[in-house]
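To start, the structure itself, in structure tokens.
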Amino acid sequence: MAQTDVEARLRTALTTLILDEYSLLENIRLPLPASERVVAHQIGWRLRTEWDRSWDIDVEYNRVGHGTSPSLPAPDPGHRPVDISVHHRGLRGPAHNLMVLQLKVGRIDSLDAEVNRLRLTAEHYRYCHGVLLDLGIEVGADPASPPVLVCPSWLWLDAETPELVPVYKPEAARQLSREGWQARQRRYPWDSDDEIEYPGWRTPEALPPEPTDRI
């Protein structure tokens, strides 16, 4: 499958994520924001409709014990599987491994380290496509604008010059964030200004933890 086709399907899944689950991305402003695993699950769930049922779409799929060797010959204690795989479980080779995706929700400390980790898995199992997806979430400062702007970029391993490239044009990303914010307000009509739990929630400053007795 051509990269342009895979890109289009992933872009569609990412668009619906921003529009449908803006509240999940918005909580990046909290002391304990949504984990990459939670966001990866939402992306994977939306990718399910982009391919027919012959493809398995898994989050943090651990291939050890499924008839194949692990992603790393000798995994270090902190290693975990790559975030999203579009594949046929338990099989190797490009006919059975379409795309592997590494997701970043927060700041990338080392782009080379992330790319190397992704490349190792992609080459070991001979994935057709490998992509590093950075959601590029930025806290908004203008009270009239969305609380966060989602400006994603991605890096495809088979690009001539591997580098992070914006998924959308800047204005399109801002418009998607606005529409996601508006959808969130319609979805949660009880969330009014006088019910904001965290004063200063539009700033990246440290905020108090959520109460443990909240249902």
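The values are calculated or read from the model by the stated rules, or taken from the named source; none is laboratory data. In this text the structure is predicted, and so the values were computed from the model without any measurement.
What's the total number of residues in the stretch 145-169 that are more than 16 Å from GLN3 (Cα to Cα) and among the aromatic types (Phe, Trp, Tyr)?
Adding up the residues that qualify gives 1.
Mind listing whichever residues of the stretch 113-150 are among the charged types (D, E, K, R) and closer than 23 Å to VAL86 by Cα?
Within the stretch 113-150, GLU114, ARG117, ARG119, GLU123, ARG126, ASP134 qualify.
Can you find a residue in the stretch 87-106 that is at pLDDT below 90 and of a type in the set (S, T, N, Q)?
No: the stretch 87-106 contains no residue that is at pLDDT below 90 and of a type in the set (S, T, N, Q).
I'm checking my understanding of the structure. Among residues of the stretch 108-134 that are β-branched (Val, Ile, Thr) and in a helix (DSSP H, G or I), which one is modelled with the lowest pLDDT?
Keep residues of the stretch 108-134 that are β-branched (Val, Ile, Thr), which gives 108, 115, 121, 131.
So of that shortlist, the ones also in a helix (DSSP H, G or I) come out as 115, 121.
Working: VAL115: 91, THR121: 88.
Only one residue tops the list, namely THR121.
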